Each structure stands twice: as C-alpha cells, then as structure tokens.
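Please treat every number below as a calculation from the coordinates, not as lab data. Quick caveat, the model's predicted, so the values are computed rather than measured. Neighbour counts are summed over all protein chains in view; Cβ atoms, including those assigned to glycine, are modelled from backbone coordinates with ideal geometry.
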Amino acid sequence: MLRVESLKSGYGRIQALHGVSIEVRPGEIVSLIGANGAGKTTLLRAISGVQPVAAGRILFNGRAIERLAAHQRVALGIAQVPEGRQLFVPISVEDNLKLGAWTRRNVKFAAELEPIYALFPMLFQLRHAAAGALSGGQQQMLAIGRALMAKPQLLLLDEPSMGLAPILVDQILGIVQGLKRSGLTVLLVEQNASAALAIADRGYVVETGRIVADGSAADLLADTRVQSAYLGV
C-alpha cells in the first residue's frame, strides 16, 4: 500500500531523514521505533504532506504522491493523528469530528458519526463539550476519531500514548488492534517500543534519520540490540 524510497527531508540546513526506505502492506500494523529526535515524526509528516521532501519517492497504492498537497493525500486515503493530538480545543467534540471529513463531499454526518461514537462511547456523552475540556485519554480518542472521519485506508498514528497513564495506553493500543481487524492499515510511531512491537506485524528501527534494523515484530522483540537500546532489557 505504501512504499517510501530513499526519502530525504530536513529543516533548513538540518537534514532529518537520510535516504529512508520503508514499506507498509495492506492490513498491517507497522511500528517505527527509535529515540526522540531520530526522525520518526518527520517521516510521518513527510508521508502525510505537511513536511517538504528534498529527495526520494512516496508511493501510495502505486501512485507517486510526494509532490501532492496534504489535502490531496487525505482525499486519496491517508489520514494522520499528529503528535500532541492538535485538536481544535475551543470547539465541541462533535465539530472536531465533523472537521475530519472536510475533504469529502455530501457527508451525512448522522450516519458517519454513528460508528465513531460506537467505537468511543465516551465521545458521544461529551459530544457538546469543548475539546479542550477533555482528559488526555479522551482527547486521544477524539484525535483518532477525527482521522477516521476521513475514511482512510492508511492511518498514520504518532505517539498515541504520550502523556497517558498505563491503563489508558493499553486501551488506546487495543483500539488500534481493533482498527486493524476492521481492515485498516496502520503506520505507528510510539515511544513505548515494547508496546508498539507487541501489537505490530513488522517494525523499523530509526536512528539519526536512517533505518538501522527492520523485520517482523517478533524478531525485533527478540533482537538483543533492540532489547538493550529500546526495551530496557
């Protein structure tokens, strides 16, 4: 579904990605793990179109998209849940969800919101509350729900456990597994490497803007280098 080839990107004179290549197959959860500043978020932002690409290719369902605008990539089926959630905090939960469908035409919101509220019943109870009044876990659910309103084929999920209590982390990652079972493909960036690999099919290890290891999640969990560097073993 997604193929990234020799991707380079940066911020001014600082190069953040040095020829990164990854692939994501339909129906997979693929995890990107690595230290803070390794380039994981930059890679997601480059795929979604909010980070400029200096060189390389991004192919989505066989189509080159690296020169498309971000909203065009959303329309093709890529949605991102950004690091820090980036909700529209003054407006209601329901209006945040509706904004997730802004690239789609003739949306019947009552029908479209129903499966989101079924997935996140708490959001239905809080649908008229300002997004900024929600707890961290509720805001993460809202951010995921907003992305799902775009009807994506590929969900880019950036640090969903950030700032959450362990019990909420388990809940959010359980939801991600459920999305996979429903047919959604997920590219996951997660600081909690053991949790990320526990739900993933495959993974990539990112260091200083380069892929230094990849393989099945089980193989990475068993890799002594990965264990010592990222799993605290």
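Using label points projected 7 Å from each Cα along Cα→Cβ, tell me how many nm separate residue 182 and residue 118, to one decimal.
It works out to 0.8 nm between the two label points.
For the chain, modelled as a Gaussian network with Cα springs under 10 Å, which listed residue fluctuates most, 208, 41, 185?
Fluctuation is largest for 208.
Between residue 76 and residue 102, what length in nm is gained on full extension when 0.36 nm per residue of separation is reduced by their alpha carbon distance?
Working: separation 26, 0.36 × 26 = 9.36 nm, distance 1.33 nm.
Extra length from residue 76 to residue 102 when fully extended: 8.0 nm.
If you average the sequence gap of Cα pairs under 8 Å that are 6 or more apart and divide by the length of the range 83-226, what percent do you get for the contact order? Don't skip to the end; give the middle numbers.
Values: 168 pairs, mean separation 30.0, N = 144.
Relative contact order comes out at 21 percent.
For the chain, just list the percent of Cα-Cα distances falling in each 5 Å bin from zero outward, please.
1, 7, 15, 18, 20, 17, 12, 7, 3, 0, 0
Lysines near residue 98 by alpha-carbon distance under 29 Å, same-chain residues fewer than 8 away left out - which ones?
The qualifying lysines are 40, 108, 151, 180.
Have a look at the DSSP beta bridges in the range 2-230 and tell me what percent are antiparallel, nearest 5.
Numbers: 22 of 39 bridges.
For the range 2-230, the DSSP antiparallel bridge percentage is about 55.
Please work out the C-alpha center-to-center distance from the range 101-132 to the range 180-211 and express it in whole Å.
Using only Cα atoms, the two centres lie 27 Å from each other.
How much net charge surrounds residue 55 when only the other residues with a Cβ under 11 Å from the Cβ of residue 55 are counted, with Lys and Arg +1 and Asp and Glu -1? Write out the running numbers ahead of the final one.
Values: positive: 8, 57; negative: 5, 66.
Net of charged neighbours comes to 0.
For each of 231, 220, 113, count neighbouring Cβ atoms within 10 Å of the residue's Cβ, then give the residues from fewest to most.
Details: 231 16, 220 25, 113 20.
Least crowded to most crowded, the residues run 231, 113, 220.
Just grab the label-to-label distance for residue 88 and residue 222, each label 7 Å out from Cα along the Cβ direction, in nm (one decimal).
Once both label points are built, they end up 4.9 nm from each other.
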